[in-house]
1. Considering only DSSP states other than H, G, I, E and B, which chymotrypsin sites (Phe, Trp or Tyr not before Pro) in the chain qualify as loop sites with at most 14 other Cβ atoms within 10 Å?
2. With +1 on each Lys and Arg Cβ and -1 on each Asp and Glu Cβ, how big is the dipole of region 3-69 about its Cα centre, in debye rounded to the nearest 20?
3. What relative contact order, as a whole-number percentage, does region 3-69 give when Cα pairs under 8 Å and 6 or more residues apart are counted?
4. With a point put 7 Å past each Cα toward its Cβ, work out how far Ala22 is from Ile3 in nm, to one decimal.
5. Working only with C-alpha atoms, what are the Rg and Dmax values of the chain, expressed in angstrom?
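The numbers here are math on the coordinates, done by the rules we state, and not lab data. Quick caveat: nothing in here was measured; it's all calculated off a predicted structure. As a convention, Cβ positions derive from the backbone with ideal geometry for all residues, glycine included, and neighbour counts pool all protein chains shown.
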Amino acid sequence: MAIKFNVFGTHVHVERRGTQWAAFYPGTDGKRRAADFVIPHDVAEDDLALYLGDLFHEDARPSHPEVTRAA
């Protein structure tokens, strides 16, 4: 099951596959494409939002100032 994030306005889904993380950009048609970044295998699930924030902090803007985990 995917863990959904809003990363400074960009939707990102993250899944654990064995010992690795896999990240995707969801499409409006239900399809998804592989993300163009890697999450190290040793990042804990509770630290994913922090890691994504550190990785994409330059994308922050007043309308989207943070990384949030979606329900």
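1. Working: sites: Phe5, Phe8, Trp21, Phe24, Phe37, Tyr51, Phe56; in loops: Phe8, Phe37, Phe56.
When the chymotrypsin sites (Phe, Trp or Tyr not before Pro) of the chain are filtered for loop state and at most 14 Cβ neighbours within 10 Å, Phe37 remain.
2. On the way: 8 positive and 11 negative charges, 78 e Å.
Here the size comes out at about 380 debye.
3. Details: 89 pairs, mean separation 23.8, N = 67.
For region 3-69, the relative contact order is 36 percent.
4. Label-label distance for Ala22 and Ile3, simple model: 1.6 nm.
5. Considering the chain through its Cα atoms, Rg and Dmax are 11.7, 37 Å.
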